[in-house]
Amino acid sequence: NAGVTQTPKFQVLKTGQSMTLQCAQDMNHNSMYWYRQDPGMGLRLIYYSASEGTTDKGEVPNGYNVSRLNKREFSLRLESAAPSQTSVYFCASSEVAGTPSSYEQYFGPGTRLTVT
Amino acid sequence: AQSVTQPDIHITVSEGASLELRCNYSYGATPYLFWYVQSPGQGLQLLLKYFSGDTLVQGIKGFEAEFKRSQSSFNLRKPSVHWSDAAEYFCAVAPNYGGATNKLIFGTGTLLAVQP
């Protein structure tokens with residue numbers, strides 16, 4: 001059971017380049033999330049998907065787009081990367097909303113992105 | 001707005017000593033509360049959670065946390081720290097429950113170092 005997987009693990013981009021971060025979960029979870037982690041700022045929510053076919057903005061959505069491809073996969077796209085997007089990106093998933101256990105989020109190992 | 005405060009950015013303890021990591025939240029009602037641990041280069045792992053009931057909750061790896069409503073706190077404790085506990089610890093709160101989304105708000109983290 002792989003849980004939440006993310007690809008790639010590391011990436012270096014030049015300013016203006018684009019890329020897509022991939023995330024997949026095999027726990028049959030309904031909800032998925034993208035966070036960025038920066039020193040001294042904890043985790044900040046970029047986008048989330050409460051269920052297949054829906055996506056919503058989080059705290060810091062500017063410069064990003066997402067696609068909930070199916071129930072398993074949730075991708076994050078940077079259309080024109082900027083140095084301010086240098087960060088570690090985490091994908092997470094959780095069960096369908098409505099029960100306390102649905103607040104338990106399961107995290108992937110992260111993608112370390114550097115934009116020069 | 002809801003918020004989570006972890007006042008200690010960095011803590012160093014000796015192996016075998018006791019540990020307490022502080023977490024305070026700002027929220028009008030009783031929230032759901034969580035502690036996550038992040039080992040170097042890894043994603044976040046859930047240590048324990050509080051939904052309701054007994055205010056002292058037990059988690060994995062010998063950790064426990066106590067919810068104190070009067071102090072709006074949810075401090076994490078461990079009686080005897082092991083070198084493998086060196087990691088970053090995040091407190092999180094779920095500000096909205098019973099709705100369609102399960103977003104968490106994370107604190108900025110406390111980095112724990114363990115001296116031999």
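Listing for the model above:
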{"quantity": "Verdict on B:L47 being at pLDDT 95 or above, more than 17 Å from B:T5 (Cα to Cα) and part of a strand (DSSP E or B)", "calculated": "yes"}
{"quantity": "Per-region count, the range B:59-81, residues within 12 Å of the chain's Cα centre (by Cα) and assigned to a strand (DSSP E or B)", "calculated": "10"}
{"quantity": "In the range B:16-56, residue surrounded by the most Cβ atoms within 10 Å (Cβ to Cβ) [restricted to those that are hydroxyl-bearing (S, T, Y) and more than 11 Å from every other protein chain (Cβ to nearest Cβ)]", "calculated": "B:Y25"}
{"quantity": "Search result, residues across the range A:26-43 that are within 17 Å of A:S94 (Cβ to Cβ) and not small (G, A, S)", "calculated": "A:D26, A:M27, A:N28, A:H29, A:N30, A:M32, A:Y33, A:W34, A:Y35, A:L43"}
{"quantity": "Answer from A:D38, A:D26 - the residue that is closer than 29 Å to B:I9 by Cα and in contact (Cβ under 8 Å) with a residue 40 or more places away in the chain", "calculated": "A:D38"}
{"quantity": "The range A:72-110: number of residues that are within 20 Å of B:Q42 (Cα to Cα), surrounded by fewer than 21 Cβ atoms within 10 Å (Cβ to Cβ) and in contact (Cβ under 8 Å) with a residue 60 or more places away in the chain", "calculated": "2"}
{"quantity": "Subset of the range A:8-21 (residues that are under 11 Å from the mean Cα position of the chain (by Cα) and either surrounded by fewer than 16 Cβ atoms within 10 Å (Cβ to Cβ) or within 12 Å of another protein chain (Cβ to nearest Cβ) (or both))", "calculated": "A:T20"}
{"quantity": "So B:L111, is it part of a strand (DSSP E or B), surrounded by fewer than 19 Cβ atoms within 10 Å (Cβ to Cβ), at pLDDT 95 or above and within 13 Å of another protein chain (Cβ to nearest Cβ)", "calculated": "yes"}
{"quantity": "Criterion: within 14 Å of A:L43 (Cα to Cα), at the interface with chain B (Cβ under 9 Å from one of its Cβ atoms) and of a type outside the set (G, A, S) - qualifying residue of A:Y106, A:Y89", "calculated": "A:Y106"}
{"quantity": "Exclusive hit being away from chain B (no Cβ under 13 Å), surrounded by 13 or more Cβ atoms within 10 Å (Cβ to Cβ) and at pLDDT below 95, set A:L45, A:L113, A:L69", "calculated": "A:L69"}
{"quantity": "Any hit, the range A:30-37, residues being part of a loop (DSSP other than H, G, I, E, B) and not aromatic (F, W, Y)", "calculated": "yes"}
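The values are calculated or read from the model by the stated rules, or taken from the named source; none is laboratory data. These numbers come from a predicted model, not from an experiment. Every residue, glycine as well, gets a Cβ built from its backbone with ideal geometry; the counts of neighbours run over all protein chains shown.
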